[in-house]
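Undergrad: The structure is given below, and queries will be raised subsequently.
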Amino acid sequence: MIILRISLFFLILLLLPDWYIYRFHIKYCAKQWIRKLWWMPSICLLLALLVFVSFRDSFQHAFGIYLIVALCIAVPKMVFMLCDLLIYLCKKSVQCFIKKPMPLSIVHLYRLARICIPSSAALITCIYIVFGAAFGKEFFQVNKVTFISSDLPDAFNGYRILQLSDIHTGSWDDHGEALQRAVTLCNAQYPDLVAFTGDLVNSRADEMKPFMTILSQLHAKDGVYAVLGNHDYATYTHWDSEAERLANIDTLICREKQMGWEVLMNEHRILYRGNDSIAIAGVENSGNPPFPNRGNLPKALQHTDGMFKILLSHDPTHWKRNVLPETDVQLMLAGHTHDMQVNLFGFSFSKFVYPEHRGMYLENGRGLYVNVGLGFVMFPMRLGAWPEITVITLKNRQ
């Protein structure tokens with residue numbers, strides 16, 4: 001379903017700018033051989049897309065490369081179209097206002113602008129996309145935020161939680177040095193607690209084996225706590241039996257424990273500072289179909305009445321579905337969205353799928369933080385939605 005949505009998106013992204021540029025620039029100005037060849041790149045990309053949709057299980061890695069190539073071609077054309085259209089509409093507005101023919105010098109300037117400005121914008125866009133593909137997935141960002149709650153005990157005022165999410169070790173191949181830099185950066189924040197909110201692998205527990213030594217270096221005063229994400233349930237690959245898939249989950253959890261991580265499966269732990277305490281709880285993935293829905297909030301939160309609670313839950317939709325109406329959890333930490341790995345000037349298509357897709361959300365003094373993830377999946381790039389390390393400082397007063 002996700003690939004089909006992407007296919008429809010790319011169909012529009014490829015054909016609409018091509019039609020516009022051909023209609024207003026190529027058709028009347030270019031040589032005949034250029035007019036004939038104009039459509040070839042998009043036709044080839046669409047044929048390749050048809051192959052990937054038909055045989056997506058056989059070409060998953062190649063599909064990621066295809067997406068980058070398609071973006072490098074289609075998005076600059078779209079930017080060219082939008083800039084050109086804007087200049088054209090500005091000219092029409094001026095003509096309607098002055099109500100007389102424009103001077104010849106202005107006409108020449110207008111024609112020059114319709115070539116130079118859209119072309120420059122398209123070139124800059126292409127360079128930006130190449131940067132995202134070449135360096136964006138390792139352009140680690142530390143985001144520092146503060147969550148204020150009057151329910152927080154005094155002894156935990158200033159408590160620092162480092163959140164990671166969606167590492168997707170199966171996508172990193174031999175990029176262990178990049179993950180090592182990320183872990184070093186995490187430890188340099190000197191957190192009181194590390195919270196990992198799911199999707200450690202793409203499907204198979206073996207994906208994490210090359211990185212266990214690196215990830216086991218994560219440390220904090222009160223330890224590393226983790227929950228499972230939708231990918232950790234291994235439903236995106238073929239298994240000979242259901243028992244084999246379940247064994248893979250057990251292996252994943254076992255290896256996380258070997259790294260020194262504590263996996264919370266619909267349960268909680270109590271953290272103490274003197275006579276004060278807070279609860280750190282974690283649920284199994286709780287998502288809307290087709291994602292797994294195994295979260296059990298009552299079980300995870302039993303015997304925590306009246307306490308300040310931090311909930312780890314992979315899918316941010318869980319917050320409004322169950323957490324807000326059914327509990328008194330003050331702060332929930334989630335991941336899952338990746339912000340679709342592309343965010344341009346604050347805009348991401350993930351907002352149309354997930355109302356809470358990145359950053360902090362507040363409602364009646366209760367909070368949700370959505371981490372956009374450290375890793376990547378499907379296509380090997382990040383653009384604007386840079387890989388995130390979040391440091392959340394808890395405060396009980398301004």
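The values are calculated or read from the model by the stated rules, or taken from the named source; none is laboratory data. Source: prediction; values computed, not measured. A quick note on method: Cβ atoms are made from the backbone with ideal geometry, for glycine too, and the neighbour counts reach across all protein chains shown. Just so you know, the surface numbers come from the protein's heavy atoms only, side chains and all, with ligands and any DNA or RNA stripped out. Shrake-Rupley method; radii C 1.70, N 1.55, O 1.52, S 1.80 Å.
Undergrad: At a Cα cut-off below 21 Å, give the lysines reachable from Lys99, other chains included and same-chain residues fewer than 8 away excluded.
TA: Lys91
Undergrad: A further question follows. Give me the number: length gained by fully extending Asp305 to Asp174, i.e. 0.36 nm times residue separation minus the C-alpha to C-alpha distance, one decimal in nm.
TA: That pair, Asp305 and Asp174, stretches by 42.6 nm at full extension.
Undergrad: Please state the Cα pair-distance histogram of the chain with 10 angstrom bins from zero: what percent is in each bin?
TA: Bins of 10 Å from zero give 4, 20, 27, 21, 13, 9, 4, 1, 0 percent of pairs.
Undergrad: Still on this structure: Please list, ordered by chain and number, the residues whose modelled amide H lies under 5 Å from the amide H of Gly367; skip anything fewer than 5 residues away on the same chain.
TA: So Gly367 has HN proximity to Leu331, Met332.
Undergrad: Would you list, by chain and number, the lysines whose Cα falls below 29 Å from the Cα of Lys209, excluding same-chain residues fewer than 8 positions away?
TA: In chain and number order, the partners are Lys137, Lys221, Lys257.
Undergrad: Apply the Karplus curve 6.51 cos²θ - 1.76 cosθ + 1.60, θ = phi - 60°, to the phi angles in the stretch 85-97 and return the couplings in whole Hz, x for Gly and Pro.
TA: 5, 5, 5, 4, 5, 4, 4, 4, 5, 5, 4, 5, 6
Undergrad: Ok, one more. What does the C-alpha gyration tensor say about the overall shape of the stretch 22-176? Classify as rounded when a/c is under 1.5, otherwise prolate if a/b is larger than b/c, or oblate.
TA: Taking the square roots of the gyration eigenvalues as a ≥ b ≥ c, the stretch 22-176 is oblate.
Undergrad: For the stretch 264-318, restrict the atom set to alpha-carbon positions and state the Rg and Dmax in Å.
TA: Radius of gyration, then largest Cα-Cα span, for the stretch 264-318: 12.3, 44 Å.
Undergrad: Where the only charges are on Cβ atoms (+1 Lys, Arg; -1 Asp, Glu), what is the dipole of the chain about its Cα centre, to the nearest 20 debye?
TA: 2620
Undergrad: Separate question: Would you compute, for the Cα atoms of the stretch 162-237, the largest minus smallest coordinate along each principal axis and list the three values in descending order, in whole Å?
TA: For the stretch 162-237, the Cα spread along each principal axis is 37, 25, 14 Å.
Undergrad: Which peptide among 171-180, 380-389 comes first, and what is the full order, when sorted by highest mean count of other Cβ atoms within 10 Å?
TA: 380-389, 171-180
Undergrad: Could you tell me the accessible area of Ile65 in Å² (1.4 Å probe, neighbours in place), rounded to the nearest ten?
TA: 80
Undergrad: Taking only the alpha-carbon atoms of the stretch 114-199, what semi-axes of the equivalent ellipsoid follow from 5 times the gyration tensor eigenvalues under a square root, in whole Å, largest first?
TA: 36, 20, 11
Undergrad: On C-alpha positions alone, give me the angle between the axis of helix 242-258 and the longest principal axis of the chain, in degrees, nearest 10.
TA: Approximately 70 degrees, to the nearest ten.
Undergrad: Could you tell me what fraction of 2.2 N^0.38 Å the Cα radius of gyration of the stretch 220-359 comes to, as a two-decimal ratio?
TA: Its radius of gyration relative to the 2.2 N^0.38 Å reference: 1.14.
Undergrad: Could you give each residue of the stretch 226-237 its phi-based ³J(HN,Hα) in whole Hz, using Karplus coefficients 6.51, -1.76, 1.60 with θ = phi - 60°, and x for Gly or Pro?
TA: 9, 10, 8, x, 4, 5, 5, 8, 6, 9, 9, 9
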